[in-house]
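Quick notes on the structure that follows.
The values are calculated or read from the model by the stated rules, or taken from the named source; none is laboratory data. Remember, predicted model here, so these are calculated numbers, not experimental data. Ideal geometry is used to build each Cβ from the backbone, glycine not excepted, and the neighbour counts take in all protein chains shown.
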Amino acid sequence: MPDGATGAVPAMLLIAGSGPTDRNGDSALMNGSIGTLRSLADVLARNGIASLRYDKIGVGQTGMGSLQAADVGFDEFVREAADATNYLATQPGIDKAALGIVGHSEGGLIALAVANGKGGQIPTLTSLSLLESATARILDTMSRQIDAQIDQSVNTGKLSRDDAATLRISLAAAVAQLRTSGTVPDDASVQPFGLTSATAKLLASEDLLDPVALAATLHTPLRVFTSCSDKDINISCDDVAKLDEALKQTTLQQVHLTTADHTLKDVGDQPSTGTEYAQPLPFSQQFTDAWTAWLHTLR
């Protein structure tokens, strides 16, 4: 809750990106603090907006319960976000008529799914913030990223062209099988890329959701903020432009950042490699200024 709040205040749910990313935006895979969601919550509080962060299934203080990793589908993440939205709306001091969702990275896809009712009924949303958001089906995104890794391995001499061609065939077969049967082949060559029996249900169910298609079916009126950055190595501004085009029926505000990495930290004139995510870099002032200005328009 923002300090000194009197009466009901607007509120936003914050949804983290992929992997073991907790309510603060920190990853169990990295030493140090990323802190993206914590920073976003601070910006909201300074602007009189309450927020709720949560640890998704299997992350932070939220356990797996009776579930095994192989049992978890993406619909579980969508449902828990919808549940969190409903919980936030019922809290004392929250203006249920001024409710929004903020999704970072894969959290943007979850936000779009929740806004489209995929996780169950929620109160009418007035805003969405899709920050460095997922813009394509997950298996398309993974295929593109893996293809780039293979190219790099060939260029550095770690992989022969023949082996690269064989690996690409195996990866294409794994993606096709996931999309047709929801399973992955027992092929050791694709497992290092996350295509395993333990992730099959999650990937197959997430791949059913197309962010652009979900964006095109959002209700109006809805105020939407999107961000992209030249330094983001995960999501390109060209890809976000496709999402923006699908959002044309909403009241859309876009910001094209120049020095922010995928976590919204400012890398200045240095390239982003991903290794800097947990370094104590400042968050992008360009982003903060643009988002703050947009938040003021919601009043």
Mind telling me which of the residues Ser66, Ser18, Ser51, Ser39 ends up being under 25 Å from Met142 (Cα atoms) and either surrounded by fewer than 21 Cβ atoms within 10 Å (Cβ to Cβ) or assigned by TED's automatic domain parsing to the domain that holds Leu281 (or both)? Ser18
Return the residue satisfying two criteria in turn: it lies in segment 235-249 and is within 14 Å of Ala115 (Cβ to Cβ) and without any contact (Cβ under 8 Å) to a residue 40 or more places away in the chain, and of such residues it is farthest from the chain's Cα centre (by Cα). Gln249
Filter segment 259-280 for residues that are part of a loop (DSSP other than H, G, I, E, B), in contact with a strand residue (DSSP E or B) (Cβ under 6 Å, 6 or more places away or on another chain) and surrounded by 19 or more Cβ atoms within 10 Å (Cβ to Cβ) and give the result. Leu264
Residue set Gly103, Gly60; condition in contact with an Asp or Glu (Cβ under 8 Å, 6 or more places away or on another chain) and crowded, with 17+ Cβ neighbours inside 10 Å; output residue Gly60
Unique match (being crowded, with 19+ Cβ neighbours inside 10 Å, in contact with a Gly (Cβ under 9 Å, 6 or more places away or on another chain) and either at pLDDT below 95 or closer than 30 Å to Gln177 by Cα (or both)) among Leu214, Leu295, Leu202: Leu202
What is the residue count in segment 216-243 for residues that are more than 16 Å from Thr259 (Cβ to Cβ) and part of a loop (DSSP other than H, G, I, E, B)? 6
Of the conditions (1) outside the structural domain of Asp75 (by TED's automatic domain parsing); (2) of a type in the set (S, T, N, Q); (3) part of a loop (DSSP other than H, G, I, E, B); (4) free of Cβ contacts under 8 Å to residues at least 12 places away in the same chain, Thr180 fails just one. Which one is it? (3)
Looking at (1) of a type in the set (A, V, I, L, M); (2) surrounded by 19 or more Cβ atoms within 10 Å (Cβ to Cβ); (3) within 23 Å of Gly73 (Cα to Cα), find the lone condition where Leu247 falls short. (3)
Any residue at all in segment 291-299 that's touching a strand residue (DSSP E or B) at 6+ places or on another chain (Cβ under 9 Å), part of a helix (DSSP H, G or I) and without any contact (Cβ under 8 Å) to a residue 24 or more places away in the chain? yes
In segment 72-114, the residues that are over 20 Å from Arg23 (Cα atoms), out of contact with any strand residue (DSSP E or B) (no Cβ under 6 Å at 6 or more places or on another chain) and hydrophobic (A, V, I, L, M, F, W, C): Ala97
